[in-house]
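Everything on this sheet refers to the single structure shown next.
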Amino acid sequence: MNLTTVALSRAYTPGSWGTFFTLTGTAAATLTGLFFIAFSLRVQDLQLSRVFRTRARYLLLWLIVIAIGSAFVVMPGQPRAVLAAEITVWSAGCATYTLWSLVRAARWEIPAFSPDLVARWLGMVATWLLSVGAGISLLAGQGGGLYLLAFAVLLGIALEVAAAWSLIVGIGKDIRGQGTMPGGEHTPEPGAASTSAHGSQGGSQPAARGHAEKRKDL
């Protein structure tokens, strides 16, 4: 039995991947907590833009899905067919929700195309294809098996970090916030602007009356 045969046999044996998917699940869970804290610190900017809120939501969802998928792989006693079905279902579900979120965000504001945006979209599509392909391959017993899922998870974590950095720092050119950018100046509300205008007018009227009275005295 050569090394190629051994590697291919391990591709369809979930028990051989316990250490790897424990590591990826821990990394995804840790990043979920860190991103949640980071988004909480920028909650005012997120509240001012539905695009930012949608983007932050599906970024967190991706990390949760990676953590859950890794837990499915290391769960003991599961038949290979059951694991293959779980991988296929959660991968397709995550892809569907992300696509729906992008369509909703495009209705509110059409993103400006940039190399950063195109690279992230291509990476997302590759992640979906690898994940769904891993489920089908694991069920069929040929085609790469859990190696495809491993590449999908690693690519997904890398995309998550890049996309979250772009969102938090506000350097992404594909989505512009409504009324504000992260770290930028907030657009004053119409009510606040009118109030300040009336306040300035009210403050100037007594001053004008005071000048008129002085002129009468002279």
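Among residues belonging to segment 76-106 that are touching a residue at least 24 places away in the same chain (Cβ under 8 Å) and aromatic (Phe, Trp, Tyr), point out the one that is nearest to residue 136 (Cα to Cα).
90
For residue 29, only one of the following conditions fails: (1) modelled with pLDDT under 90; (2) surrounded by 15 or more Cβ atoms within 10 Å (Cβ to Cβ). What is its number?
(1) is the only condition that residue 29 fails.
Hey, residue 156 hits all of (1) at pLDDT 90 or above; (2) surrounded by fewer than 18 Cβ atoms within 10 Å (Cβ to Cβ); (3) not hydrophobic (A, V, I, L, M, F, W, C) but one; which does it fall short on?
All conditions are met except number (2).
Do you know which of the residues in segment 83-101 that are at pLDDT below 85 and out of contact with any helix residue (DSSP H, G or I) (no Cβ under 8 Å at 6 or more places or on another chain) is surrounded by the fewest Cβ atoms within 10 Å (Cβ to Cβ)?
100
For segment 26-52, name all the residues that are basic (Lys, Arg) and assigned to a helix (DSSP H, G or I). So that I can check it myself, show each step before the final result.
Looking only at segment 26-52, we keep the residues that are basic (Lys, Arg), and these are 42, 50.
Hit for segment 26-52 is 50, nothing else.
Scan (1) part of a helix (DSSP H, G or I); (2) of a type in the set (Gly, Ala, Ser); (3) surrounded by fewer than 20 Cβ atoms within 10 Å (Cβ to Cβ) for the single condition residue 70 breaks and write down its number.
(3)
Check whether at least one residue in segment 116-137 is acidic (Asp, Glu) and closer than 23 Å to residue 26 by Cβ, and report yes or no.
no
If you check residue 112 against the conditions, is it aliphatic (A, V, I, L, M), surrounded by fewer than 17 Cβ atoms within 10 Å (Cβ to Cβ) and modelled with pLDDT of 65 or more?
Spelling it out, it is not the case that residue 112 is aliphatic (A, V, I, L, M), surrounded by fewer than 17 Cβ atoms within 10 Å (Cβ to Cβ) and modelled with pLDDT of 65 or more.
The values are calculated or read from the model by the stated rules, or taken from the named source; none is laboratory data. What you see is a predicted model; the values in this text were computed from it and never measured. A quick note on method: Cβ atoms are made from the backbone with ideal geometry, for glycine too, and the neighbour counts reach across all protein chains shown.
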